[in-house]
1. Quote to one decimal, in nm, the extra length available between A306 and I188 on full extension: 0.36 nm per residue of separation minus the C-alpha distance between them.
2. By a straight-distance test (C-alpha under 30 Å), which lysines pair with K364 as possible cross-link partners, with residues fewer than eight away in the same chain excluded?
3. Give the aspartates and glutamates whose C-alpha is closer than 15 Å to that of K359, dropping any in the same chain fewer than 8 places away, or say none.
4. How many nm is it between the label spots at V41 and L195, if each spot is 7 Å from the Cα in line with the beta carbon?
5. Segment 142-180 to segment 41-114: how many Å between their Cα centroids?
6. Can you give the local net charge around I139? Use residues other than it whose beta-carbon is closer than 10 angstrom to its beta-carbon, Lys and Arg +1, Asp and Glu -1.
7. Around A377, with a cut-off of 13 angstrom between Cβ atoms, what is the net charge of the other residues, counting Lys and Arg +1 and Asp and Glu -1?
8. Give the percent of DSSP beta bridges with both residues in segment 260-380 that are antiparallel, rounded to the nearest 5.
Amino acid sequence: MKGGDFIIGSDFCSLPFLFFYAKILLVMKNRVYIKDLKDNVGKEIIIAGWVNIRRDQGKMVFFDMRDMTGLVQCVALPSRADVIEKAKEIRPEWVLKITGIVNKRPDKNVKQDTLNGDVELEVTNIEILNTAETAPFQINESSIEVNEDLRMKYKYLDLRTERMQKNIRMRDKIVTFFRKYMHNNDFIEIETPILMKGTPEGSREYVVPSRLFNGQFYVLPQSPQQFKQLCMVAGFEKYFQIARCMRDEDTRGDRQPEFTQLDYEMSFVTQEEVLEYTETMFIELVKNVYPEKKITQIPFPRMSYAQSMEKYGSDKPDLRVDKNNPNELAFVWILDFPMFEKTDERELQAVHHPFCSIKEEDKKKFMKGEDLFSIRANAYDLVLNSYELSSGSIRIHERDIQKQVFKLLNISEEEQQKKFGHMLEAFTFGAPPHGGFAPGIDRIVMILQNEPNIREVIAFPKTGEGRDLMMGSPAPITEKQLKELGIKLSK
Ligand code: ASP
């Protein structure tokens, strides 16, 4: 049966299938979540889930069942021969539908402070919904010590572990908080294209060949930067997006080729307003989702890039009082980033990106093209516990100023038109002043969940080299596909 047939295919109307679906529906309808067992003491109920662990004590068999809400101990008593027989057969990770009576545990066996520590399920029937091979690692304990390649290959099993379930569910809570917060403040979520044109934002781009236009290519966005600015020209005034960003960078520690930002942009705002909005949002996030955590200093301390470099030798200073305290959160604003820098690869490039506006005091030098490395942008970072959470800036909204940045970056008139013609033109149609920010969701979740790297808070992460070990990507494509794309591989 194909996926699409599930509801309306002809199979559905045949009698055996009708019974099958009716039965599944019934299971779902009567099923009690494991977290709700305590409300059903004395009743016979149905649960469904996975065998977490099994302890065969000969006459009796104990096993823990797990569903998305938690664990419960199940007991197969000697008085039920058929149940005992099945309970001896089952193994960890088998999928079962269990019927049983919820009993209070004897006082001496009560486990305080654990879900269902005071109840257990006396099993009256076991229905095996599916069996399972022996898992390549223990599911019922943290997998953090397991070889990471193995965890990645069997990610769907790794995700079953309690720690990973918690990380991914907390990530959802954080994203939900941000979405609500944005909506409550009159932002609207706008999806921007994934297939776009190349733009220099500092990193190498992923390239996607076009089949219909052989020899032409899309690239994947490094961030929605240009689109969000164009949303401001379009009059939306307050945009946000939980945005996936793709950067084709060489292996660099804790990087992922794709990552997620809470991307936002506002029109008619000052830098101060962006900072205040962001700061209040993070304070509320901690208050609401992680009340056990303490923010070291409110309002967040601020320092200029120059001060931070001078005092800490870094633009990501760690301002925690106690670096061993997992519940301490030290936010700090780093302001007034330089506009230009020299790197190993390039004589001159924009520190953040070429769309940042220039500080009023440095405008003269900027227009004259003098003393470039001393020119500062209205650009700011938010740092948390030594991690850069986000960069942002007040943008350029005037064509001539934008052209001056391109000129100083040695981008020829022709190149400017080719790459940025749409931005330069948009600025001539009444572009409002605007600015924004884009905190990295993966890093935020990593820090709040006290995880050592972002792979622990991404459901299906890639390795440091950008490989997906479960699906096996990147992978070759067929000769036929290459031909359609007009691509010949050099040997
Ligand atoms: N687009 C920028 C980035 O990805 C953030 C911003 O300036 O809003 O770093």
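1. 38.9 nm
2. Counting by Cα, and skipping residues close in sequence, K364 has these lysines nearby: K228, K311, K316, K342, K403, K407, K418, K419.
3. Within the straight-line cut-off, K359 pairs with E272, D336, E370, D371, E398.
4. 6.1
5. Comparing the Cα centres of segment 142-180 and segment 41-114, I get a distance of 26 Å.
6. That sum, taken over residues with Cβ under 10 Å, equals -2.
7. That sum, taken over residues with Cβ under 13 Å, equals -1.
8. Counting only bridges with both partners in segment 260-380, antiparallel ones make up about 45 percent.
The values are calculated or read from the model by the stated rules, or taken from the named source; none is laboratory data. The structure presented is a predicted model; accordingly, all values stated were derived computationally and were not measured. Please note: Cβ atoms are built from the backbone with ideal geometry, for glycine as well, and neighbour counts cover all protein chains shown. Each accessible area value is taken on the protein alone, full model and side chains, heavy atoms only, with ligands, DNA and RNA left out. Shrake-Rupley method; radii C 1.70, N 1.55, O 1.52, S 1.80 Å.
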